[in-house]
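The values are calculated or read from the model by the stated rules, or taken from the named source; none is laboratory data. Values in this document were obtained by computation on a predicted structure and should not be read as measured data. Positions of Cβ are backbone-derived with ideal geometry, glycine not excepted, and every protein chain shown enters the neighbour counts.
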Amino acid sequence: MNFNLKEAMEILERTPKTLEAMLSGLTSDWLHSNEGEGTWNASEVVDHLIECEKTNWIPRMESILNDQERKHFPPFDRFSHLNGQESKTIEQALQEFASLREHNVTKLKKRITCDQLLDLTGIHPEFGEVKMRELLSTWVVHDLTHINQIVRVMAKRYQTDVGPWKAYLSILQK
């Protein structure tokens, strides 16, 4: 197994700054382009990450750590960020995400104090029993997945503009 909490923190702590560097100050065209119907733009991805910070990772961690015999995860709606959110600038959204993430990383560091806790389990509504280390690994890979998604969506905005170089740009091949 490769999971290491210290290494995981390296990604979790950097994601807000990475997104701020990538997205802050960009025009609406960059922030609101997507890959077609039913896909998310960069701004919606940030809103999704905010919802995850509020209702996914830490509540599920707490569910695993609680003293109940059956540790069912609280529900999480992956699409709730699309339900008529208040409009805010990308800078406001990035600041909210950064603040929530900082709070959650602090909580994570306080609660996960030894490697034995990584083997505790909870009950995922779809997957059944999952380990803490799987939840935390997923949190890291989830961040990386959405950073990749944002970069891909932004690159595809110029898909037809690159002309014949498209053949050499793997990000446009998928």
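Of note:
- For segment 78-108, the set of residues classified as farther than 21 Å from Glu20 by Cβ and either at pLDDT below 95 or loosely packed, with under 12 Cβ neighbours inside 10 Å (or both) consists of Arg78, Phe79, Ser80, Leu82, Asn83, Gly84, listed by residue number.
- Here Glu129 fulfils each of the conditions (1) under 27 Å from Thr27 (Cα atoms); (2) outside any helix (DSSP H, G or I); (3) of a type outside the set (Lys, Arg) apart from (1).
- Selection count, segment 6-25, where residues are touching a helix residue (DSSP H, G or I) at 6+ places or on another chain (Cβ under 7 Å) and not acidic (Asp, Glu): 11
- For segment 23-48, filtered to residues that are within 13 Å of Ala93 (Cβ to Cβ) and of a type in the set (S, T, N, Q), the residue that is surrounded by the fewest Cβ atoms within 10 Å (Cβ to Cβ) is Ser24.
- Flag for Glu13 being touching a residue at least 60 places away in the same chain (Cβ under 8 Å), assigned to a helix (DSSP H, G or I), surrounded by fewer than 18 Cβ atoms within 10 Å (Cβ to Cβ) and in contact with a Leu (Cβ under 7 Å, 6 or more places away or on another chain): no
- Of all residues in segment 109-134, those that are without any contact (Cβ under 8 Å) to a residue 24 or more places away in the chain have Cβ atoms under 8 Å from Cβ atoms of residues that are in a strand (DSSP E or B) and basic (Lys, Arg), 6 or more apart or on another chain, in Asp119/Lys131.
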